[in-house]
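**Student:** Could you have a look at this structure, given as C-alpha cells, before my questions?
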Amino acid sequence: MTAVAERPVPVGSSGPPPEKQRFRLPRWTLGLGVLVVWIAIWAVTKGQDTLVLPGREHTDLHDALTGFRDSVLGSRDTNPVIQLTYQLGESFTSAVDWLQRLVSVPDFPRPVPQIGWLGVTALAAWVALAIAGWRTAVLVGLSFLSFGMFGYWSDSMDLLIVTFVAVAASVIIGLPLAVWVGTSKAANTVLSNLLDLMQTMPTFVYLLPIVLFFGIGASAAVVATLVYALPPIIRIAGYGIRSVPETTIEATDAAGQTAVQRLLKVQLPMARKTIVVGLNQTIMAALSMATIASYVDGPGLGKPVLDALVKNNVGNAFVPGMLIVVMAVMLDRTTTAASERSELVARGGGGGATLRRVVLGASALVALVLVYLSRTYGWAAEFPATTWGPWLSERVDSFVGWVTATFGGFTEAVKNVTSDLLLNPMQSLLAESPWWLTGVAILALAWIVGGLRASLSAVVCLAGIWYLDLWHDAMITLNMTLVATLMVMVLALVLGVWMARRRGVDLILRPLLDAGQTIPPFVYLIPVLALFGPTRFTAIVAGIVYAAPAAIKLVADGVKGVSPNTIEASRSTGATTWQEITKVQLPMARGSLVLAANQGLLYVLAMAVIGGMVGAGALGYDVVLGFSRSEEWGKGAAAGLTIVLLGIMIDRITRAAAERSQPTR
C-alpha cells in the first residue's frame with residue numbers, strides 16, 4: 001500500500017486552494033473540427049468506395065432474403081408457424097368481412113348491407129351522445145354524413161372497421177401488459193426497450209414482414225395496425241397505473257386489501273383518465289397505420305388516395321384525404337370528450353342523472369327506428385349518389401393548376417436554391433465519401449454529442465447498414481432526413497419561442513398544431529405533391545410539415561418552463577430581448593430543444609420513407625419496389641431493416657445528447 005502525505009495548508013490561508021480547472025474545448029468546436037477533416041479527406045477521395053448499388057441490381061444477401069421469402073411461402077402447407085399466422089389472419093379477415101357486410105358492402109342475397117347508412121349514422125351519433133355529450137354527437141353525425149355526401153361511404157366504413165378491429169385487439173392485449181408494466185419494475189424495464197424499438201420504426205417498415213406471414217388484404221392491414229397501435233396503450237396506461245401515489249397504495253395495504261382488490265378498486269379507477277389518453281393515442285396510431293396499409297391491399301380510404309397519388313392526380317387524392325382528416329378529428333375529439341366526461345361524472349358532476357337517462361332512452365328509440373328504416377327501405381340503406389365529390393375534385397384540380405401556373409416559378413426556385421445550397425452538398429459529403437470515411441465521421445460526431453453509449457449504438461447500427469448492402473441509399477435517406485430536420489428546427493425555434501413569449505400566439509397556434517398531429521402522414525403528401533411534383537423535395541417538405549407540430553410544441557413548452565425569476569434577473573441587468581432569448585431562455589431549454597430534434601428526426605425519417613412512392617428514391621423506393629415485385633422482395637426487406645437501423649441510431653444519439661444536456665444536480 002502506498003502512503004500519501006497530506007499537502008500542508010499555506011500559512012494564512014482559510015482553506016485549501018481552489019482546484020485548477022481543466023480547459024475543455026466546447027463540443028461544437030470538436031464537431032466543427034470533425035467536419036473540417038471530413039471535408040478535407042472527401043475532397044481527395046470523392047466517389048471512391050461509395051458502395052453504390054445501381055437500379056435493380058441485387059447482392060447475394062438480397063437474393064438470400066428473397067429465397068427465404070420463397071421458402072416460407074412454399075412451406076405454407078407444412079410449416080406450423082406459417083399455418084398459425086395464416087389462421088390468425090383468417091380470423092381477422094372473417095371479422096372484417098362480417099362487419100363489412102353489416103355496414104359497408106352488400107350482404108348477398110341482399111343488395112345492400114344489413115344496416116344502411118341512416119342506421120349506422122344514428123347508432124354512431126347515439127354512442128357519441130352516451131359517452132361524450134351532444135356536441136360530440138353532432139360532430140359524429142355530420143362526419144358520417146360527409147363520408148356519404150362525398151361518395152366514399154363504403155371506403156370510410158372499411159377504414160373504421162379495420163381501425164376498430166385493430167384497436168379492440170390492442171386493448172385486449174395491451175391492457176394486461178399495461179397492468180404488468182404499471183405494477184412491476186422488471187416488466188417496465190424489459191418492455192420499455194421493446195416499446196422504444198417499436199415506436200422508433202417508421203410505419204412503412206412494418207408491412208413487409210407482416211405480408212410474408214399474414215398475406216395481403218384485410219389480415220395484413222389489421223395485424224400491421226395492431227402492432228403499430230399497441231405501444232401507446234401499454235406505455236401510457238402503464239404510466240397511469242404506476243403514477244398512483246405511494247401513500248394511497250400504503251393505505252390500501254394497511255386496510256388489508258389484496259393485490260387484485262387494490263388494482264380493481266384503486267389503481268385502475270385512479271388511472272382512468274390516463275388510460276383513456278392511451279386509448280386515444282392508440283386509436284390515432286391505428287387510423288394512421290390503417291391508412292398506410294392500403295399498400296398491402298388493406299381496405300379503406302387509403303386505397304383511393306394511393307391510386308390518385310400514383311397517377312399524380314391531386315384532385316382525386318384530395319377528397320378521400322380530406323375525409324381521413326375529418327375521421328381523425330372526429331375520433332380524437334370523441335375520445336377526448338369521453339375522457340373529460342368520465343372525469344366529470346367521477347367527481348359527481350355531469351348534470352341531472354334522471355334527465356340524462358330520459359334523453360338517452362328517447363334517442364336510443366329514435367336510433368332503433370332509423371336502423372329499422374335502413375334495413376327496410378333502399379333510400380335509407382344506400383347513400384344517395386351526389387356530385388359533391390367530383391365537383392370538389394375538379395375545383396381542387398383547377399386550383400392546383402392555377403397555383404402551379406402562378407407560383408410554379410417561385411416553388412421551382414425554392415426547390416432549386418435548397419437543393420443547390422443544402423441538399424446536394426450534404427448528399428455529396430454523406431453519400432459520395434468513401435463508406436469508411438462517412439462511418440468514422442458519424443461515429444466521431446456521435447461520441448461528441450452523445451458520449452460513449454451513443455457511439456457504441458452507432459457502431460452497431462452502422463455495421464448493420466453496411467452488412468445489408470444498401471449503404472449508399474441509406475446515406476441519401478439520411479441526408480434528406482437531416483436537411484428536413486434542420487428546417488423543422490428553424491421553424492420550431494422561431495414559432496416555439498414566439499408561442500412561449502406571447503400567450504395570444506400560443507392560443508392561436510396550439511389548436512392548429514394539435515389538429516396537425518392528428519392527421520395521418522399519408523395525407524401530407526397530397527398538397528405538397530401539387531406544389532413540387534414527384535421529387536425528393538416533395539418528401540422533404542411533407543416531412544417538415546409532418547414533423548413541425550411536435551417540434552414546435554416541445555420548444556414552446558421548454559422555453560415557457562424557464563423560471564420567471566431567472567428571466568427577471570436577466571432583465572434587471574439590462575439584457576435586450578435578443579440577449580434574453582439567446583443567452584437565457586434557449587440555453588436553459590436545451591434539453592427540450594434536443595428532444596424536439598429527436599422527434600423531428602424520427603417523424604421526418606418516416607415521411608422520407610413514405611415519400612419513396614412520389615420520387616424520393618433511396619430506401620423508400622427500395623421498399624416500394626419490394627412490395628410491387630416479388631423478385632425485389634429481398635432488396636425491399638434489406639431496405640426496411642436499414643431504415644430501422646437508421647431510426648435506432650438517430651434515436652439513441654439524440655437521446656444521449658438530451659441526457660447530457662440536462663443540468664447536473
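The values are calculated or read from the model by the stated rules, or taken from the named source; none is laboratory data. Here the structure is a predicted model, which means the values were calculated and not measured. Positions of Cβ are generated from backbone atoms using ideal geometry, with glycine treated the same way; all protein chains shown enter the neighbour counts. Only protein heavy atoms, including side chains, enter the accessible area calculation; ligands, DNA and RNA are left aside. Shrake-Rupley method; radii C 1.70, N 1.55, O 1.52, S 1.80 Å.
**Student:** With everything on Cα atoms, drop me the angle between helix 27-45 and the longest principal axis of the chain, reported from 0 to 90° to the nearest 10.
**Tutor:** That works out to roughly 90 degrees.
**Student:** State the answer as a single residue: which of 578, 263, 145 lies farthest towards the positive end of the charge dipole of the chain, with beta carbon charges of +1 for Lys and Arg and -1 for Asp and Glu, about the Cα centre.
**Tutor:** The listed residue farthest towards the positive side: 578.
**Student:** Another one. What percent do you get for the relative contact order of the chain when only Cα pairs under 8 Å and 6+ apart count?
**Tutor:** With pairs under 8 Å counted, the relative contact order is 20 percent.
**Student:** Taking the Cα centre as origin and putting +1 on Lys and Arg beta-carbons and -1 on Asp and Glu beta-carbons, what dipole magnitude results for region 441-590, to the nearest 20 debye?
**Tutor:** Dipole about the Cα centre, nearest 20: 440 debye.
**Student:** Of 185/265; 415/583; 265/553, which pairs sit farther than 24 Å apart, going by alpha carbon to alpha carbon?
**Tutor:** Violating the 24 Å limit, Cα to Cα: 415/583; 265/553.
**Student:** A further question follows. Rounded to the nearest percent, how much of the accessible area of region 202-342 (1.4 Å probe, protein heavy atoms only) is carbon and sulfur?
**Tutor:** Using a 1.4 Å probe with all protein chains present, region 202-342 comes out at 62 percent carbon and sulfur.
**Student:** Please list, short to long, the whole-number percent of alpha-carbon pairs of region 238-302 in consecutive 10 angstrom bins beginning at zero.
**Tutor:** Taking all Cα pairs of region 238-302, the binned fractions are 20, 32, 18, 16, 11, 3 percent.
**Student:** Hey, another quick one. Can you give the local net charge around residue 212? Use residues other than it whose beta-carbon is closer than 12 angstrom to its beta-carbon, Lys and Arg +1, Asp and Glu -1.
**Tutor:** Net local charge, residue 212 excluded: +1.
**Student:** Based on the alpha carbon coordinates of region 180-264, what radius of gyration and maximum Cα-Cα distance (Dmax) apply, in Å?
**Tutor:** 17.7, 54
**Student:** Tell me, what is the 1.4 Å probe accessible area of residue 62, in Å² to the nearest 10?
**Tutor:** Surface open to solvent at residue 62 totals about 0 Å².
**Student:** While we're looking at this one, here's another question. So which aspartates and glutamates can residue 273 reach, going by Cα to Cα under 13 Å and dropping same-chain residues fewer than 8 places off?
**Tutor:** Excluding near neighbours in sequence, the set is 340, 343.
**Student:** Expressed as a whole percentage, what fraction of the accessible surface of region 427-545 belongs to carbon and sulfur atoms when a 1.4 Å probe is rolled over the protein heavy atoms?
**Tutor:** C and S atoms contribute 78 percent here.
**Student:** Continuing with this model, one more query. Highest mean first, what order results for 601-610, 527-536, 230-239 on Cβ atoms within 10 Å?
**Tutor:** Put in order of decreasing packing, that is 601-610, 230-239, 527-536.
**Student:** Ranked highest first by the average count of other Cβ atoms within 10 Å around their residues, in what order do 26-37, 557-568 fall?
**Tutor:** 557-568, 26-37
**Student:** Restricted to Cα positions, what overall size does region 531-639 have along the principal axes? Three whole-Å values, descending.
**Tutor:** 69, 28, 16
**Student:** If the viscosity is 1.002 mPa s and the temperature 20 °C, what Stokes-Einstein diffusion coefficient in µm²/s follows for region 451-553 when Rh is the Kirkwood radius over Cα pairs?
**Tutor:** Answer from the Stokes-Einstein relation: 135 µm²/s.
**Student:** Between 0 and 90 degrees, rounded to the nearest ten: what's the tilt of helix 521-532 against the longest Cα principal axis of the chain?
**Tutor:** Here the helix axis deviates by roughly 80 degrees.
**Student:** From zero up to wherever the largest Cα-Cα distance of region 577-635 sits, split into 10 Å bins and tell me the percent of pairs in each.
**Tutor:** 22, 27, 19, 16, 11, 5, 0
**Student:** If you don't mind, another one. Near residue 643, within a Cβ-to-Cβ distance under 12 Å, what is the net charge of the other residues, with Lys and Arg +1 and Asp and Glu -1?
**Tutor:** Every neighbour counted, the sum reads -2.
**Student:** If you don't mind, there's one more thing I want to ask. For region 416-532, what is the relative contact order in percent, using Cα pairs closer than 8 Å and at least 6 residues apart in sequence?
**Tutor:** 23
**Student:** Still on this structure, please answer the following. To the nearest 20 debye, what charge dipole does the chain have about its Cα centre, counting +1 at the Cβ of each Lys and Arg and -1 at the Cβ of each Asp and Glu?
**Tutor:** Rounded to the nearest 20 debye, it is 2220 debye.
**Student:** For a protection proxy built on the mean count of beta-carbon atoms within 10 angstrom, sort 112-120, 65-73 highest first, please.
**Tutor:** Most protected by this proxy first, the peptides run 112-120, 65-73.
**Student:** Oh, and also: Starting from 0 in steps of 20 Å, tell me what percent of the Cα-Cα pairs of the chain lands in each bin.
**Tutor:** The calculated distribution, bin by bin, is 15, 47, 31, 6, 1, 0.
**Student:** Here is a follow-up. If you put +1 on each Lys and Arg Cβ and -1 on each Asp and Glu Cβ, how big is the dipole of region 76-157 around its Cα centre, in Debye rounded to 20?
**Tutor:** Rounded to the nearest 20 debye, it is 240 debye.
**Student:** Which sequence of 185, 583 reflects their accessible areas, 1.4 Å probe, from the largest down?
**Tutor:** 185, 583
**Student:** Once Lys and Arg get +1 and Asp and Glu get -1 on their Cβ, which of 338, 424, 354 lies farthest toward the positive end of the dipole of the chain?
**Tutor:** Of the options given, the answer is 354.
**Student:** Please report the base-10 log of the normalised intensity I(q)/I(0) for region 301-417, using a Debye sum with one equal scatterer per alpha carbon and no solvent, at each q in 0.15, 0.20 (1/Å).
**Tutor:** -0.96, -1.17
**Student:** Can you find, among 488, 460, 446, the residue farthest towards the positive end of the dipole of region 415-520? Put +1 on the C-beta of Lys and Arg, -1 on that of Asp and Glu.
**Tutor:** Farthest towards the positive pole: 488.
**Student:** Taking a probe of 1.4 Å, how large is the accessible area per residue of the chain, in Å²?
**Tutor:** Solvent-accessible surface per residue comes out at 49 Å².
**Student:** What's log10 of I(q)/I(0) for region 451-506 at q = 0.16, 0.24, 0.28 Å⁻¹, Debye sum over Cα points only, no solvent?
**Tutor:** Those come out to -0.69, -0.93, -1.01, one per q.
**Student:** If we count every other residue with Cβ under 13 angstrom of residue 129's Cβ, Lys/Arg +1 and Asp/Glu -1, where does the sum land?
**Tutor:** Combined, the nearby Lys, Arg, Asp and Glu give +4.
**Student:** Over region 288-327, calculate the relative contact order: mean separation of alpha carbon pairs under 8 Å at least 6 apart, over the residue count, as a percent.
**Tutor:** Relative contact order of region 288-327: 29 percent.
**Student:** How large is the convex hull of the Cα atoms of region 376-417 per residue, expressed in Å³ as a whole number?
**Tutor:** 64
**Student:** For region 318-325, just list the computed ³J(HN,Hα) in residue order, Karplus coefficients 6.51, -1.76 and 1.60, θ = phi - 60°, integers in Hz, with x standing in for Gly and Pro.
**Tutor:** 5, 5, x, x, 4, 5, 5, 5
**Student:** Relative to the first principal axis of the alpha-carbon coordinates of the chain, what is the inclination of helix 618-628, with its axis defined by its Cα atoms, in degrees from 0 to 90 and to the nearest 10?
**Tutor:** Between the helix axis and the principal axis of the chain, the angle is about 30 degrees.
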